[in-house]
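Trainee: One structure, as structure tokens, below. Some questions next.
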Amino acid sequence: MSYDYDDQNIFARILRGEIPNDTVLDTPHSLAFRDIAPQAPAHVLVIPKGAYVTFDHFAQDASDAEIVDYVRSVGEVCKMLGVAADGWRLIANAGRDGVQEVPHLHVHILAGRDMGRMLEPAD
Ligand code: 5GP
């Protein structure tokens, strides 16, 4: 499967330093920053620095070093936020049906309140 990456997407622009962000963690292969429209008391996005559209794209084409860095970064952000005790949610939207707004892989780390049921019925 080949994936088309749009290098004008907002997270590509954040990675190039064209748009500011509230950085939580910066590693060789990953960047974590606060969501501009938080949906929970803690809402952090973790993105790979490489040009990957979705999680499946990343799983297919990223190097082992990128994958290890990315997964460890998620864990590190959880540690920094102190969310392990009360719990948290990890979300990765992909494509049309996943209702992905920004076409650069990102996972949402959400914490600080009861997240409710996993999915709402579609309209
Ligand atoms: P998606 O629906 O693609 O999974 O989520 C995209 C997320 O990116 C949304 O939660 C949205 O609030 C966030 N977002 C969109 N533009 C920006 C931005 O310029 N800066 C930051 N920090 N977050 C953004």
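Trainee: What residue, of Ala85, Ala37, is of a type in the set (A, V, I, L, M, F, W, C) and closer than 27 Å to Ala122 by Cβ? Break it down into steps so the answer makes sense when it comes.
Mentor: Values: Ala85 fails: closer than 27 Å to Ala122 by Cβ.
Checking each option against the conditions leaves just Ala37.
Trainee: Would you mind finding the one in Ala32, Ala40 that is more than 9 Å from the ligand (Cβ to nearest atom), in a loop (DSSP other than H, G, I, E, B) and within 16 Å of the chain's Cα centre (by Cα)?
Mentor: That would be Ala40, the only listed residue that is more than 9 Å from the ligand (Cβ to nearest atom), in a loop (DSSP other than H, G, I, E, B) and within 16 Å of the chain's Cα centre (by Cα).
Trainee: If I filter region 51-72 for residues that are under 13 Å from the mean Cα position of the chain (by Cα), free of Cβ contacts under 8 Å to residues at least 40 places away in the same chain and surrounded by 18 or more Cβ atoms within 10 Å (Cβ to Cβ), do I get at least one hit?
Mentor: no
Trainee: Considering region 64-92 alone, what residues qualify as being assigned to a loop (DSSP other than H, G, I, E, B) and out of contact with any strand residue (DSSP E or B) (no Cβ under 8 Å at 6 or more places or on another chain)?
Mentor: So the first thing to find is which residues in region 64-92 are assigned to a loop (DSSP other than H, G, I, E, B), and the list is 82-87, 92.
Hits for region 64-92 are Gly82, Ala84, Ala85.
Trainee: Checking Pro103 against (1) at pLDDT below 95; (2) within 10 Å of the ligand (Cβ to nearest atom), which single condition isn't satisfied?
Mentor: All conditions pass for Pro103, except number (1).
Trainee: Given the conditions (1) surrounded by 19 or more Cβ atoms within 10 Å (Cβ to Cβ); (2) in contact with a Ser or Thr (Cβ under 8 Å, 6 or more places away or on another chain); (3) of a type outside the set (Lys, Arg), and given that Val77 satisfies all but one, which numbered condition is not satisfied?
Mentor: For Val77, the failing item is (2).
Trainee: Checking Val24 against (1) surrounded by fewer than 18 Cβ atoms within 10 Å (Cβ to Cβ); (2) in contact (Cβ under 8 Å) with a residue 12 or more places away in the chain; (3) within 11 Å of the ligand (Cβ to nearest atom), only one condition comes out false. Which one?
Mentor: The number of the failed condition is (1).
The values are calculated or read from the model by the stated rules, or taken from the named source; none is laboratory data. This is a predicted model, so every value here is computed, not measured. Positions of Cβ are backbone-derived with ideal geometry, glycine not excepted, and every protein chain shown enters the neighbour counts.
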